[in-house]
Structure formats: C-alpha cells, structure tokens
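Contents: one structure, followed by commentary.
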Amino acid sequence: MLKIENLAKSYGKFKAVNHLSLEIKEGEIFGFVGPNGAGKTTTMKMIATLLKPDSGKIYLDGVDLSKDLKGIRERIGYMPDFFGVYDNLKASEYLEFYGDVAGLSKDEIKNTIDDLLTLVDLTHKREAYVDSLSRGMKQRLCLARSLIHNPKLLILDEPASGMDPRARVQMKEILKELKRMGKTILISSHILSELAELCDSIGIIENGEIVQIGSVDQIMRKVSNRNLIKIKVLEHIERAVTLLKEEPLINEVFTDENYIEISFEGEEKDLTKIIKKLISNDLWVTSFSPIERNLEEIFMKVTKGEEE
C-alpha cells in the first residue's frame with residue numbers, strides 16, 4: 001500500500017530524516033513512535049506531499065508520489081499535529097467548505113457530511129460554531145475534514161494530543177471503526193500504551209532513522225531474549241526462591257508478597273521443568289504467567305533512554 005525507500009530530508013547540516021525505509025500494508029494501522037525531533041512529522045509531511053524529499057522514493061499503490069501529485073493527494077487524508085479551524089463557521093459549514101475544495105457535488109457533500117458527523121459523533125453539534133467546541137470535538141471535526149474526499153490512506157500526526165481520557169477513548173474507537181472500513185492509517189502519538197492497543201505494527205524512529213519495526217511482541221523479542229514470568233506459591237516462598245536461584249536459565253528472582261517474578265531465558269518446556277521442580281519439592285504453585293512488557297519500556301530501551 002505505502003512504500004518508502006531511502007527517504008532523506010535535511011535542513012542545513014541537520015538531517016531530519018536519514019535514508020528512512022518502511023512499508024505499510026493495506027488496511028493496517030501503523031504507529032510511528034519517537035522522541036520530539038526524531039523526524040516523525042517531517043516524514044509524514046513528505047508522505048502527504050507537503051514537503052519535497054531531498055532524495056528517496058515514496059510509493060502509494062505502486063505509484064511514485066513525485067509522478068502524480070494530484071492523483072496521490074486525492075487518495076491521502078492528512079491531519080497535522082497543529083490544525084487550523086475557522087471559528088466563525090458552524091461544524092457543517094466547515095465540512096461543506098472542504099467538501100467544495102475537494103470537488104464534491106452538493107449532493108455528495110450533504111451525504112458525506114451526514115455520514116462523517118455520525119462517524120465522529122458530532123451530529124448533535126452540526127449547527128454549533130467551531131469556536132464553541134471542546135478541544136476533543138475540534139480534533140474529531142478535523143479528522144472528519146481529512147476524510148471528506150474518502151481517502152485510502154490516513155496520516156494522523158498526534159491526533160489525541162491534549163485530549164482528556166474520555167476524548168482519547170472516543171478517538172480510539174473512531175480509528176478502530178476506520179480500520180474496519182478498510183482504511184490504512186499511519187499514526188504518531190506520545191500515548192504509547194494506546195498505540196500498542198491500536199496498531200498492527202509500529203516503527204520506532206530516532207535521529208531520522210527507523211531503529212526497530214514490527215509488532216510490539218516482535219520488537220520485544222528483538223530487544224531482549226528474556227521473558228518475565230510471575231509465579232505464585234501459597235507458602236514457603238523463601239524456599240521457592242532458593243530453588244529458583246539454582247536454575248541456570250533464570251537470571252534474576254524478585255519477590256512480592258506471595259508472588260515471585262523471574263527473568264527467564266529458556267523456552268516453554270524449560271519453564272515446565274522448573275515448575276515441576278517446585279511442585280516435587282512440596283511447594284504449592286497456584287499460578288504462573290508471563291508478564292507483558294509495555295511499549296514504554298521498549299521505547300526507552302530502543303532509543304537509548306535506558307542504559308544497557
């Protein structure tokens with residue numbers, strides 16, 4: 001669907017994007033993760049045809065963006081991190097304006113606006129002036145604006161920035177619905193836990209380069225070959241800890257009341273043997289389960305935010 005090859009953009013001596021390559025499949029939600037200044041927004045603007053790359057290629061459905069700007073723009077919806085709204089317009093008038101700019105007929109504009117206001121849950125604010133809307137409502141209205149021409153690819157730069165928790169949940173549900181509708185979505189965000197829930201895959205960018213790409217689980221396996229396991233025993237926790245520390249595949253052992261957490265390098269069959277050892281030593285193991293690593297931990301580790 002979207003393919004980027006060796007994309008580069010510099011401002012003087014500063015390399016904002018440094019030979020970046022990635023590929024996003026049709027119907028996928030791809031999360032762009034990186035610290036401020038890493039090159040996310042610059043990359044998104046180049047994909048949206050708002051910035052010209054110094055070098056490299058961007059393809060949408062196999063078409064080189066530089067060869068067909070008008071045709072490509074008809075298939076892209078872009079929502080910037082800082083968006084402009086016309087406060088003296090009503091919500092419906094705001095969308096009518098952009099529908100007219102997109103070349104839709106009056107009937108198409110009316111039907112499209114009805115559908116979009118329903119999608120972003122703003123039907124009840126149809127006749128409200130834009131300056132009377134909350135920040136979350138304005139952001140949902142801007143999302144509707146980016147959808148007015150029914151694009152295949154959505155580029156959303158920090159769409160939940162500044163939203164309260166309720167508004168973020170609403171935005172997340174809208175994005176899930178857009179995925180069900182078959183839209184391909186490229187999204188950046190600092191709310192890493194929500195990206196992990198939403199995205200099929202993520203790309204972690206630093207200094208203009210992709211440093212890791214894949215699903216959260218895939219990246220976690222690349223970053224660390226250790227698994228964290230939580231084990232619960234009913235009693236004699238000290239004896240269980242002593243036995244676990246004897247195991248060569250266990251690097252670290254931590255305790256928390258009746259729970260034991262281990263950093264484990266082996267496979268499932270090795271873990272089975274360890275649990276069997278505890279039980280054969282008259283220790284009552286009531287549960288054991290993996291501890292999920294979150295995206296924040298991965299991000300800190302990959303972007304050198306955490307010392308090795």
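The values are calculated or read from the model by the stated rules, or taken from the named source; none is laboratory data. This is a predicted model, so every value here is computed, not measured. No Cβ is skipped: glycine too gets one built from the backbone with ideal geometry, and neighbour counts run over all protein chains shown. Heads up: the accessible areas ignore ligands, DNA and RNA and are worked out on the full protein's heavy atoms, side chains in. Shrake-Rupley method; radii C 1.70, N 1.55, O 1.52, S 1.80 Å.
Restricted to region 81-110, and to residues there that are touching an Asp or Glu at 6+ places or on another chain (Cβ under 7 Å) and among the acidic types (D, E), the residue that is farthest from G162 (Cα to Cα) is D87. Here region 8-34 is the region considered, the condition is being surrounded by fewer than 16 Cβ atoms within 10 Å (Cβ to Cβ) and touching a strand residue (DSSP E or B) at 6+ places or on another chain (Cβ under 9 Å), and the residue that is farthest from G62 (Cα to Cα) is S10. Of all residues in region 103-116, those satisfying the criterion of being under 30 Å from the mean Cα position of the chain (by Cα) and more than 10 Å from R145 (Cα to Cα) are T112, D114, D115. Given the conditions (1) on the phi > 0 side of the Ramachandran plot; (2) open to solvent by less than 20 Å² (accessible area, probe 1.4 Å), which single one is not true for G62? It is condition (2) that G62 fails. Being part of a loop (DSSP other than H, G, I, E, B) and charged (D, E, K, R) is the filter; apply it to region 24-72 and report the residue that is nearest to the chain's Cα centre (by Cα). The qualifying residue nearest to the chain's Cα centre (by Cα) is E28.
Go through region 42-74 residue by residue and tally those that are farther than 16 Å from E5 by Cβ, at pLDDT 90 or above and among the aliphatic types (A, V, I, L, M). Qualifying residue count, region 42-74: 4.
As a summary of the residue check, L143 satisfies the conditions (1) in contact (Cβ under 8 Å) with a residue 12 or more places away in the chain; (2) among the hydrophobic types (A, V, I, L, M, F, W, C); (3) closer than 17 Å to S188 by Cα; (4) not in a helix (DSSP H, G or I) except for the one numbered (4). Taking region 178-206 as the range and being free of Cβ contacts under 8 Å to residues at least 60 places away in the same chain and over 14 Å from P159 (Cβ atoms) as the test, the residues that pass are R180, M181, E197. Here is the figure for region 101-136: residues that are open to solvent by 40 Å² or more (accessible area, probe 1.4 Å), in contact (Cβ under 8 Å) with a residue 40 or more places away in the chain and not in a loop (DSSP other than H, G, I, E, B) total 2.
Would it be correct to say that Y98 is in contact with a helix residue (DSSP H, G or I) (Cβ under 9 Å, 6 or more places away or on another chain) and either on the phi > 0 side of the Ramachandran plot or surrounded by 15 or more Cβ atoms within 10 Å (Cβ to Cβ) (or both)? Judged against the criteria, Y98 is a match. Could you tell me which residue of region 183-241 is modelled with the lowest pLDDT, considering only residues that are of a type in the set (S, T, N, Q) and open to solvent by 60 Å² or more (accessible area, probe 1.4 Å)? If we take residues in region 183-241 being of a type in the set (S, T, N, Q) and open to solvent by 60 Å² or more (accessible area, probe 1.4 Å), then N225 is modelled with the lowest pLDDT.
Just one of L116, L133, L141 is modelled with pLDDT of 95 or more and touching a Lys or Arg at 6+ places or on another chain (Cβ under 9 Å); which is it? Checking each option against the conditions leaves just L116.
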